[in-house]
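Only one structure is covered here, and it is reproduced in the block below.
The values are calculated or read from the model by the stated rules, or taken from the named source; none is laboratory data. On a predicted model such as this, the values are computed, not experimentally measured, just so you know. Please note: Cβ atoms are built from the backbone with ideal geometry, for glycine as well, and neighbour counts cover all protein chains shown. Keep in mind that these areas ignore ligands, DNA and RNA; they rest on the heavy atoms of the full protein, side chains included. Shrake-Rupley method; radii C 1.70, N 1.55, O 1.52, S 1.80 Å.
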Amino acid sequence: MRVLDGVVAQLRAVDYLRVSTEEQTKGYGVQYSGKKTARHIADKGWVHVDTYIDDGISGSLEAHQRPDLRRLMADARSVPRPFDIVVVNEGRAIGRTGKSFWKWVWDLEEIGVFVAVVKDDYDNTTVHGRKMMRRDADYAETEYETIRDRTQNGIQEKAEDGLYPGGIVPYGWTVKNGAYTLDECDCTEKCHKVHETPVMRKARKLYIKLRAWVEVAEKLNAIGWFTRSGKPWSARNIACRVMGDNAMTNKLVYRGKSAQLDAQGQPIYGKRTVIKLPKLFSKKEIRELREIAESAKTGPRTTTGRPYFLTGHMTSPCGGSYQGKTSRQGVHAYVCKRTKALYPGVENDTCDCVRIDAGPVEEHVWAAVCTVLADADRMKAMAADWIALNQTTTLDFVARIADLDQQLSEQNDAIDLATNMAAKSAARRGLRGSEAEEAIERTVHPLLAEFEALQKQRHDLEAWQRDAEKVKQRAKDLENLAQSTKGRLDSMPPEERGKILNTIKASARVLKTPGKRSGGVECAILAWFHENQREVPVLTDEGWELVKPIIARRANQQTNRTALEAALYKAVHGLRWRDMPERFGNPNSLQTKAFRWLAGGHWEQVMEALKDAPTQPAFDRDPIQIEVSVRPGGLEFKVGTSELVPSPPDCPRRTPCVRRSPAGPRRARRPGRAHRTP
């Protein structure tokens with residue numbers, strides 16, 4: 001019962017039902033637990049207001065990792081509070097480890113909500129109830145550790161016997177009757193399944209012959225020999241399989257690199273075990289493969305020295321990742337990784353995302369990040385939100401530890417008193433030696449067990465307090481970052497900018513890019529009109545008479561007029577040369593003429609001659625829509641979505657282009673046949 005404004009009211013109760021998948025197989029379902037908790041609430045005379053169910057959820061997970069318990073904790077903090085007590089069927093429903101058991105129970109205590117356990121009929125509103133809860137917490141954790149150790153010991157024994165201990169089977173092998181074996185076809189009839197051992201052996205032979213993993217992947221994809229998941233091979237994927245440790249040693253290290261390690265660097269559960277696998281490649285085949293791979297190395301890749309700090313931080317409209325790239329002509333741009341075929345020999349696996357000029361987009365994203373770093377209030381709010389996300393408890397650790405210290409002191413006094421009384425009792429009964437010690441131990445044992453449980457609670461609280469301090473320190477680091485970078489954000493070098501982006505987990509998502517153009521850069525003709533803020537003149541017969549002496553003195557006049565009309569048409573409609581209407585003729589010839597006029601200075605003269613002609617607006621460049629976000633601790637903060645109008649890149653394509661054929665560079669013209677520019 002509870003008292004509100006002098007009126008006695010019934011306690012409002014909710015029941016929390018949790019069973020793991022393992023418990024479900026033993027017949028302990030939520031229906032069984034729900035009947036027990038509902039009957040208990042009715043017997044106590046409480047009002048049953050709601051039920052929270054985490055079905056098939058492990059008890060080792062904390063409150064924020066269990067969906068319905070997370071909802072229960074949020075409801076408990078509502079105003080007015082909707083319930084006063086949480087009922088569970090038994091202690092292990094609360095949690096299986098100290099952290100998963102106590103943290104949410106104590107969180108509820110802080111706001112005046114308590115937990116009742118149907119089994120043994122107790123709650124944590126009394127000293128006796130808290131003692132019973134400690135006993136159940138220890139039992140649940142001990143039982144959990146026993147089950148885990150038994151399971152891990154069985155797995156370890158399998159590994160030591162060379163059997164399959166569980167987990168991912170290395171590519172090229174399979175498991176039959178609990179043991180590793182080569183994945184080869186043993187069917188009497190024609191088999192339609194792609195077996196992995198033949199794929200590995202064929203890939204090795206192809207690499208010995210072709211010396212390129214790209215070509216190996218292309219050959220395998222062409223015959224339909226795909227990966228285990230059914231996807232085509234990439235060069236990296238097949239190389240990692242064939243050149244991996246499993247294939248090159250015919251061994252598997254269980255509890256190796258991916259195992260959880262203790263402070264000494266050893267696996268927490270069991271020990272590292274080397275399992276011998278059936279031989280996939282012979283020693284001679286392995287030696288030959290290694291020699292070929294070593295001779296195929298081309299040495300370290302050269303870089304231009306130009307850092308691209310947005311690489312890995314910017315995604316494209318297709319979902320791919322942008323990486324910085326410098327072209328042979330010296331153009332700095334970001335290119336979507338998916339523009340290059342991921343799976344050799346497979347069509348339609350690429351995107352059509354255009355390149356983005358590096359300079360403008362870097363400055364645009366960095367400016368958005370600077371608005372966050374320079375705003376102290378926003379950084380504090382971000383830090384507070386980060387704490388709220390990662391700090392899943394509101395416990396007063398200092399008060400809790402002080403309370404436990406008091407209980408430990410009282411328990412220690414009780415042990416001393418009980419020991420003296422037990423010694424006197426043994427003396428009165430004439431017990432001596434080992435008999436007296438056993439009698440004293442039987443008397444004191446329950447008190448010692450309770451003392452150890454309290455000590456464990458205190459140890460756990462100190463560990464959780466350290467975790468909470470780390471979270472707070474991380475939040476302070478965010479605020480300090482803003483202070484340390486204040487005043488030098490604009491002059492910060494690209495390398496340091498990249499470190500800042502990593503620290504605050506900043507990312508940019510390109511929602512929209514400019515229309516596709518050749519090379520991913522803006523047309524030089526269209527760029528001229530934008531740079532000079534000019535509209536596109538309409539070429540009339542009168543206008544042609546004005547410009548004819550400039551560009552058509554010796555060449556075919558009609559051809560040059562058509563080329564000029566094409567250039568102006570392109571500037572109005574924003575098309576690529578290859579997409580121009582057929583009436584203008586060969587797009588390569590049109591492009592060459594336009595670039596020569598630009599390079600020779602004739603374009604400026606033509607535009608000056610047509611300055612009084614009627615005009616049309618130039619094609620407006622599509623803006624790049626960019627969304628910048630910051631995720632300092634898993635929680636995403638939107639900096640905002642904005643549009644970037646790309647500035648015309650410093651593109652060498654504005655000079656006469658060098659035509660290249662698939663066979664290589666075009667042969668230079670003989671001096672006597674050099675093209676004469678008007």
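Any residue that is out of contact with any Phe, Trp or Tyr (no Cβ under 7 Å at 6 or more places or on another chain) and outside any helix (DSSP H, G or I) - is there at least one of those in the range 431-438? Break it down into steps so the answer makes sense when it comes.
Here is the first cut: in the range 431-438, the ones out of contact with any Phe, Trp or Tyr (no Cβ under 7 Å at 6 or more places or on another chain) are 431-438.
When the remaining residues are screened for being outside any helix (DSSP H, G or I), the result is 431-432.
Scanning the range 431-438 turns up at least one residue that is out of contact with any Phe, Trp or Tyr (no Cβ under 7 Å at 6 or more places or on another chain) and outside any helix (DSSP H, G or I).
Please determine, by comparing only the residues of the range 149-188 that are under 33 Å from the mean Cα position of the chain (by Cα) and on the phi > 0 side of the Ramachandran plot, which one is most open to solvent (accessible area, probe 1.4 Å).
G167
Exactly one of these conditions fails for L395: (1) in contact (Cβ under 8 Å) with a residue 40 or more places away in the chain; (2) assigned to a helix (DSSP H, G or I). Give me its number.
(2)
Yes or no, residue by residue, for (1) at pLDDT below 90; (2) of a type in the set (G, A, S); (3) in a loop (DSSP other than H, G, I, E, B):
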| residue | (1), (2), (3) |
| --- | --- |
| D50 | no, no, no |
| I53 | no, no, no |
| G59 | yes, yes, yes |
| R71 | no, no, no |
| D75 | no, no, no |
| V79 | yes, no, yes |
| F83 | no, no, yes |
| V87 | no, no, no |
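Report, by residue number, each residue of the range 158-176 that is within 17 Å of G244 (Cα to Cα) and assigned to a loop (DSSP other than H, G, I, E, B). Write out each step before concluding.
First, pick out the residues of the range 158-176 that are within 17 Å of G244 (Cα to Cα): 168-174.
If the condition is that a residue be within 17 Å of G244 (Cα to Cα) and assigned to a loop (DSSP other than H, G, I, E, B), then I168, V169, P170, Y171, G172 are the ones that fit.
Quick one: L539 ticks every box in (1) modelled with pLDDT of 85 or more; (2) assigned to a helix (DSSP H, G or I) except a single one, so which number is it?
All conditions are met except number (2).
Any idea how many residues of the range 231-284 are open to solvent by less than 60 Å² (accessible area, probe 1.4 Å) and among the β-branched types (V, I, T)?
4
Looking only at the range 248-266, count how many residues are touching a residue at least 24 places away in the same chain (Cβ under 8 Å), in a loop (DSSP other than H, G, I, E, B) and either within 24 Å of I286 (Cβ to Cβ) or not basic (K, R) (or both).
Of the residues in that region, 1 qualify.
Is it true that some residue in the range 292-299 is part of a loop (DSSP other than H, G, I, E, B) and β-branched (V, I, T)?
Keep residues of the range 292-299 that are part of a loop (DSSP other than H, G, I, E, B), which gives 296-299.
Now drop any that are not β-branched (V, I, T), which leaves 298.
Checked against the condition, which is being part of a loop (DSSP other than H, G, I, E, B) and β-branched (V, I, T), the range 292-299 yields at least one hit.
In the range 189-210, which residue that is open to solvent by less than 60 Å² (accessible area, probe 1.4 Å) and of a type outside the set (A, V, I, L, M, F, W, C) is farthest from C240 (Cα to Cα)? Explain how you work it out, then say what you get.
Going residue by residue through the range 189-210, those that are open to solvent by less than 60 Å² (accessible area, probe 1.4 Å) are 191, 194-200, 203-204, 206-208, 210.
Okay, now just the ones that are also of a type outside the set (A, V, I, L, M, F, W, C), so 195-198, 204, 207.
On the way: H195: 18, E196: 14, T197: 15, P198: 16, R204: 12, Y207: 13 Å.
Across the range 189-210, the extreme among qualifying residues is H195.
Taking the options D107, D54, D121, D75, name whichever one is open to solvent by less than 20 Å² (accessible area, probe 1.4 Å), among the charged types (D, E, K, R) and out of contact with any helix residue (DSSP H, G or I) (no Cβ under 6 Å at 6 or more places or on another chain). So that I can check it myself, show each step before the final result.
Details: D54 fails: out of contact with any helix residue (DSSP H, G or I) (no Cβ under 6 Å at 6 or more places or on another chain); D121 fails: open to solvent by less than 20 Å² (accessible area, probe 1.4 Å); D75 fails: open to solvent by less than 20 Å² (accessible area, probe 1.4 Å).
None of the other options fit; the residue is D107.
(1) modelled with pLDDT under 90; (2) more than 20 Å from S60 (Cβ to Cβ); (3) among the hydrophobic types (A, V, I, L, M, F, W, C); (4) open to solvent by less than 60 Å² (accessible area, probe 1.4 Å): which one isn't true of A137, the others all being true?
Of (1) modelled with pLDDT under 90; (2) more than 20 Å from S60 (Cβ to Cβ); (3) among the hydrophobic types (A, V, I, L, M, F, W, C); (4) open to solvent by less than 60 Å² (accessible area, probe 1.4 Å), only one is false for A137: (2).
Rundown of residues vs (1) among the polar types (S, T, N, Q); (2) more than 47 Å from the chain's Cα centre (by Cα); (3) modelled with pLDDT of 70 or more, yes/no style:
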{"position": "T562", "(1), (2), (3)": "yes, yes, yes"}
{"position": "D579", "(1), (2), (3)": "no, no, yes"}
{"position": "R583", "(1), (2), (3)": "no, yes, yes"}
{"position": "L590", "(1), (2), (3)": "no, yes, yes"}
{"position": "F595", "(1), (2), (3)": "no, no, yes"}
{"position": "D612", "(1), (2), (3)": "no, yes, yes"}
{"position": "R621", "(1), (2), (3)": "no, no, no"}
{"position": "S629", "(1), (2), (3)": "yes, no, yes"}
{"position": "G633", "(1), (2), (3)": "no, no, no"}
